[in-house]
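The values are calculated or read from the model by the stated rules, or taken from the named source; none is laboratory data. Remember, predicted model here, so these are calculated numbers, not experimental data. Quick reminder, even Gly has a Cβ in these numbers, built from the backbone with ideal geometry, and neighbours come from all protein chains shown. Calculation scope for accessible area: heavy atoms of the full protein, side chains included, ligands and nucleic acids excluded. Shrake-Rupley method; radii C 1.70, N 1.55, O 1.52, S 1.80 Å.
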Amino acid sequence: MLHGQRFALSAISPSKGMEIGKRGSHETQFFYLQKGFVSVEDERGYWTVGPGQLAWMPPYIRYETEQIGRIAGWGVTLSSLLCIGMPEVACALYCSPFVPLILERAHQWLQSDDSVYQTLQPRQEMMLQVFMDELRYSSRMQERLLLPKGKRLNTMAKDILANPSNRKSINDWAIKTGISARSISRHFSSETNMTFAQWRLRASLMVARKKLALGESVHEVAQAVGYENVSAFIATYKKAYNQTPAQFRQLFE
């Protein structure tokens, strides 16, 4: 217990997988990945988490996760009272190097498999306070892809995510959805904070990361997300993530 508040920790191993707890819990949950790749879809967005990144889940957020390959790291449950100053929306966070070190040390304190701390020594409480401070000063990733709220546009967005190689123009989508191209453009800008073209580009790159984590070749991934020119895909990916697709793929070999 940390000042009377719940702090539960469990290890995520390749053999055990991820058991982060109930979706829509009244407590805050997150998982930190040392290895592997996880895609997350919540009520408003789609995003991914890779090695060295942390997925933050505020209370009452409903979400679905998909694990890609073998993952390892830690899952944590926190009382909402410990989370003042943290993001109020589900998101991925970059973390300082101290976060995994503290989690590794805290895991050594566990005396049973139930992962709930009963009593902590003063030094342990101090370390967890440092841990919470490090989380509060983590920088939020710009990786969360918001989905439009309206049913037809939400379905359209999920169709793009499911079929990123289908490069329908905004006018094509206007005909298919029965919504004017102007309205599609306006809703994407106001509800996703991106233009339609920016949103589709980000969607294709996020799907590409998932496929690269699965071990597909750069050439295969480029074609799967709608690029006929592999060099153009590599240049676009590197501009977005500051690394080449091949460099990202190597993290999972």
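I need the phi-derived Karplus couplings for the stretch 89-101: 6.51 cos²θ - 1.76 cosθ + 1.60, θ = phi - 60°, integer Hz, Gly and Pro marked x.
10, 5, 6, 9, 10, 7, 10, 6, x, 6, 4, x, 5
Asn154 to Ser139: extension gain in nm, 0.36 nm per residue of separation minus the Cα-Cα distance?
2.6 nm
Please give the peptides 159-165, 27-33 ranked by average Cβ packing (other Cβ atoms within 10 Å per residue), highest first, as a rough proxy for protection.
27-33, 159-165
I'd like the distance between the alpha-carbon centres of the stretch 195-236 and the stretch 33-74, rounded to an integer number of Å.
20
Under a 1.4 angstrom probe, counting protein chains only, how are His26, His107 ranked by accessible area, largest first?
His26, His107
Looking at the stretch 50-92, which GluC sites (Glu not before Pro) are DSSP coil and have at most 11 other C-beta atoms within 10 Å of their C-beta?
Here the sparse-neighbourhood loop sites are Glu88.
In whole Hz, what ³J(HN,Hα) sequence does the stretch 240-252 give by Karplus (6.51, -1.76, 1.60; θ = phi - 60°), x for Gly and Pro?
Each residue's phi maps through the Karplus curve to give 7, 10, 6, 7, 7, x, 5, 5, 5, 4, 5, 5, 10 Hz.
Using only the heavy atoms of the protein chains and a 1.4 Å probe, how would Thr48, Thr155 rank by accessible area, largest first?
Of Thr48, Thr155, the descending order of accessible area is Thr155, Thr48.
In the stretch 129-179, which trypsin sites (Lys or Arg not before Pro) are in a loop and have at most 15 other Cβ atoms within 10 Å, using DSSP for the loop call?
Passing both the DSSP loop test and the Cβ count: Lys149, Arg167, Lys168.
Once you treat every alpha carbon in the stretch 147-251 as an equal point and sum by Debye, what is log10 I(q)/I(0) at q = 0.10, 0.20, 0.21 Å⁻¹?
Cα-only, vacuum Debye calculation for the stretch 147-251: -0.30, -0.97, -1.04.
Computed FRET efficiency, Cβ-Cβ of Ser190 and Glu64, R0 35 Å: what is it to the nearest 0.05?
0.85
Can you give the log10 of the normalised intensity I(q)/I(0) at q = 0.15, 0.17 Å⁻¹, computed with Debye over equal Cα scatterers of the chain?
Here the Debye-derived log intensity ratios amount to -1.07, -1.28.
Any idea how far apart Leu214 and Lys176 come out in nm if each label point goes 7 Å out from Cα toward Cβ?
For Leu214 paired with Lys176, the spin-label model returns 1.9 nm.
I need to check one value: relative contact order of the stretch 94-253, counting alpha carbon pairs closer than 8 Å and at least 6 residues apart, in percent.
After rounding, I find 18 percent.
What size of dipole, in debye to the nearest 20, comes out for the chain about its Cα centre when the only charges are +1 on Lys and Arg C-beta atoms and -1 on Asp and Glu C-beta atoms?
The dipole magnitude comes to about 900 debye.
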